[in-house]
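Data first, discussion second: the structure below is written as structure tokens.
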Amino acid sequence: MTQRFRWPDERLIRAAQDGDVASLTTVVTQSQPHVRKFALSLCASPQDAEDAAQEALIILYRKIGTLRATGALASWMFRIVRNECLRQVRLLVSRNDEASAEAEADGGPSAEDTVLHRLEAERVAAAVSALPRDLRQVLIMRDVQGLPGRTVAHALGLSGAAMKSRLHRARAALRLSLAATGQAIDRPVAEDSRG
């Protein structure tokens, strides 16, 4: 039988907001299973999920006083976890962009180009985070992290063909999502056959 976890009750949250350390510790402890579950469903990998969950719990500990409605803890934590997962995707994208920029030693981009590129990266990161977990995982591992197809398939417990099928579906869903925003993609996600 699976154990059901409950969110902390409003009385406990109020006590934590008033500075009671024991109540605050209990709120964080009781929120932890839910936060981890959110992170696993939103982040690309278990490692990213663990990082996002830890960051979210630290934010909960430090900023519980900013929570306006004690009954809104679950939605507040969901937003924090989602933002942490998005931040991780942005970091990966910006690291890849920095590596590309260093490779192009032919002068720097204009300030306007830099801003437009950053906005595009944020739009892509939001679209990636909206993908279903199974598609998001394979897309990030293969296209963002640049892992070989065999490595991705092995890490996710998939056959090579199943990994390629998911990757194809993820890329198609991402294209559709980005097209729905009414903006064209400067660089379409590559359909490569490297597997």
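The values are calculated or read from the model by the stated rules, or taken from the named source; none is laboratory data. Please read all numbers here as calculations on a predicted model, not as lab measurements. Cβ coordinates were reconstructed from backbone atoms using ideal geometry, including for glycine residues, and neighbour counts include every protein chain displayed. Calculation scope for accessible area: heavy atoms of the full protein, side chains included, ligands and nucleic acids excluded. Shrake-Rupley method; radii C 1.70, N 1.55, O 1.52, S 1.80 Å.
The figures follow:
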{"item": "Per-residue ³J(HN,Hα) for region 151-162, Karplus 6.51 cos²θ - 1.76 cosθ + 1.60, θ = phi - 60°, Hz, x for Gly and Pro", "result": "5, 4, 4, 5, 4, 9, x, 10, 6, x, 5, 5"}
{"item": "Surface/4 estimate of mean projected area, convex hull on alpha-carbon atoms of region 4-50, nm²", "result": "3.8"}
{"item": "Per-residue SASA entry for Leu40, accessible area with 1.4 Å probe, Å² rounded to 10", "result": "70"}
{"item": "Most to least packed among 47-60, 17-30 [average Cβ atoms within 10 Å]", "result": "47-60, 17-30"}
